[in-house]
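Undergrad: Okay, here's the structure, questions in a sec.
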Amino acid sequence: MEFVKGIMSKAYSYIVARDYGFAPNPFYGVLTLATCKPGIRKTASVGDLIIGCSDKAHGNKLIYVAQVSEVLTFDQYWNELRFAKKKPVMNGSFKKLYGDNIYHHDANGNWMQEDSHHANDDGTMNEHNLKRDTGQTDKVLVCKEFIYLGKSMMNLPAEYSSCIYKGRGYYHPSYDEAKKLWDYLRIQYPEGGKIDQPSQFVNFKRYDGVS
């Protein structure tokens with residue numbers, strides 16, 4: 001696995017409130033963060049580390065660590081053939097149903113939201129999700145290097161506790177501490193990538209953006 005540190009690399013830690021395989025989407029060999037967490041998507045750069053944790057009810061465990069390898073616009077993400085598999089297919093498998101490649105502009109510059117986890121029950125545009133996902137930033141984070149544990153989320157040894165966030169929003173743990181966590185996980189999971197399925201990957205649900 002190729003690990004790249006930028007001159008001013010940062011680390012982010014946040015709670016993954018809904019681990020359906022949508023945000024983040026850990027499928028097809030690339031972890032992507034294309035919806036939710038606009039503050040992270042707006043400011044993260046290539047080389048930064050993203051740490052996703054479970055909430056208190058699920059033990060404040062580690063769900064994933066990923067390094068940003070590319071930052072794309074929604075239109076770039078939509079138009080690149082290598083990410084076509086991440087477009088949702090509403091009569092497909094769970095992996096297809098939770099596709100996160102859902103936003104792009106039409107010929108007149110208007111936002112389009114595909115029928116997806118973030119659309120309304122009838123497939124029409126959900127304005128709440130559109131505003132949150134696109135209102136602050138036009139960025140999609142692409143992570144080729146990642147370790148996603150999903151339902152095999154783990155308790156970390158005490159020395160990595162600073163990397164686990166227990167509040168709202170997100171915070172910046174020390175990059176050096178986050179890198180030590182990455183190195184520790186690489187020993188535990190030398191192949192990296194998706195280790196297990198998302199913890200809520202048992203049925204398909206829409207998210208209305210307010211509940």
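Undergrad: Give me the percent relative contact order of the chain, please, defined on Cα pairs under 8 angstrom at least 6 residues apart. Intermediate values should be presented prior to the final figure.
TA: Values: 468 pairs, mean separation 65.3, N = 211.
So the answer I get is 31 percent.
Undergrad: Over the Cα atoms of the stretch 154-206, what Rg and Dmax result, in angstrom?
TA: Looking at the stretch 154-206, its Cα Rg and Dmax stand at 14.0, 38 Å.
Undergrad: Can I ask one more? As a check on your grasp of the helix formula, calculate [θ] at 222 nm for the chain: sum -39500 (n - 2.57) over DSSP H runs of n ≥ 4, divide by the residue count, round to the nearest 500.
TA: Working: 5 runs with 38 residues, N = 211.
Roughly -4500 deg cm²/dmol at 222 nm, from the helical runs in the chain.
Undergrad: With both partners inside the chain, how many of the DSSP beta bridges are antiparallel, as a percent to the nearest 5? Before the final figure, lay out each step's value.
TA: Working: 23 of 30 bridges.
Percent antiparallel among DSSP bridges in the chain is about 75.
Undergrad: Which listed residue (LEU33, ILE50, ASN110) has the Cα farthest towards the positive end of the charge dipole for the chain, taking +1 on Lys and Arg C-beta and -1 on Asp and Glu C-beta about the Cα centre?
TA: Sorting the options by dipole projection puts first ILE50.
Undergrad: Please give the length that would be gained between ASP55 and ASN155 if that part of the chain were fully extended, namely 0.36 nm times their separation in residues minus their C-alpha to C-alpha distance (nm, one decimal). Write down the numbers at each step before the final one.
TA: On the way: separation 100, 0.36 × 100 = 36.00 nm, distance 1.21 nm.
Full extension from ASP55 to ASN155 adds 34.8 nm.
Undergrad: Beyond 23 Å, how much of the Cα-Cα pair distribution for the chain remains, as a whole percent?
TA: Value for the chain: 41 percent of Cα pairs lie more than 23 Å apart.
Undergrad: When the convex hull of the C-alpha atoms of the stretch 110-209 is computed, what volume per residue in Å³ does it have?
TA: Cα convex hull per residue, to the nearest whole number: 148 Å³.
Undergrad: Still on this structure, I have one more. For the stretch 1-106, what is the accessible area per residue in Å², given a 1.4 Å probe and the full set of protein chains? Could you put the intermediate results ahead of the total?
TA: On the way: 4100 Å² over 106 residues.
The answer is 39 Å² per residue.
Undergrad: Tell me, what % of the accessible area of the chain is carbon and sulfur with a 1.4 angstrom probe? Kindly include the intermediate steps, with their values, before the conclusion.
TA: Working: 5000 of 9880 Å².
Roughly 51 percent, rounded to a whole number.
Undergrad: With charges only on Cβ, +1 for K and R and -1 for D and E, what is the dipole size of the chain about its Cα centre, in debye, rounded to 20?
TA: Working: 27 positive and 24 negative charges, 79 e Å.
With only Lys, Arg, Asp and Glu charged at Cβ, the dipole is about 380 debye.
Undergrad: List the lysines whose alpha-carbon lies under 30 Å from that of LYS180, not counting same-chain residues fewer than 8 positions away?
TA: By straight Cα distance, LYS180 reaches LYS5, LYS10, LYS37, LYS42, LYS56, LYS61, LYS139, LYS144, LYS151, LYS166, LYS194.
The values are calculated or read from the model by the stated rules, or taken from the named source; none is laboratory data. Computed from a prediction, not measured in an experiment: that's the story for all the values here. For neighbour counting, all protein chains shown are included, and Cβ atoms are generated from backbone atoms with ideal geometry for every residue, glycine included. When the accessible area is computed, the model is the full protein with side chains, heavy atoms only, and any ligands, DNA or RNA have been set aside. Shrake-Rupley method; radii C 1.70, N 1.55, O 1.52, S 1.80 Å.
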